[in-house]
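One structure below.
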Amino acid sequence: MLRPILHLGLHIIVPGTMAKLLFSDRWKTAWMWMMSAMIIDLDHLLTNPIYDPNRCGINFHPMHSLPAIAVYALLAAIPKTRLVGFGLLIHIILDGMDCVWMNVI
Ligand SMILES: [Zn+2]
């Protein structure tokens, strides 16, 4: 029960911390753009159950697949889409960490 709450908290705290560290002069805007990456979790609506705390989303949900992650890396490399790209990659890394924790905790 603690893991899903911690995971959700990290989805808010990590982009905020990265925004403060990397974009201190406009961290609120950077944080908002990075948080917009949460929209990829709409792909959970395609599954039944929508949320399963014991399911690893990486390579299960379409927006969490390797081709999608490659697009996120591309977005992070383009200056105009960098903030969204960073947010998407942070999201994927946090989801990946959750998959690892799933087997540990
Ligand atoms: Zn996700």
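The values are calculated or read from the model by the stated rules, or taken from the named source; none is laboratory data. These numbers come from a predicted model, not from an experiment. We place every Cβ from the backbone using ideal geometry, glycine too, and count neighbours over all the protein chains shown.
Of note:
- Restricting segment 3-21 to residues that are free of Cβ contacts under 8 Å to residues at least 12 places away in the same chain and not polar (S, T, N, Q), the residue that is nearest to the ligand (Cβ to nearest atom): Leu8
- Some residue of segment 20-27 being under 15 Å from the mean Cα position of the chain (by Cα) and not aromatic (Phe, Trp, Tyr): no
- Set side by side, the residues Ile40, Ile50 differ, and just one is in contact with a His (Cβ under 6 Å, 6 or more places away or on another chain) and of a type in the set (A, V, I, L, M), which is Ile50.
- Tally of residues being touching a helix residue (DSSP H, G or I) at 6+ places or on another chain (Cβ under 8 Å), more than 11 Å from the ligand (Cβ to nearest atom), modelled with pLDDT of 95 or more and farther than 20 Å from Leu10 by Cα across segment 47-75: 4
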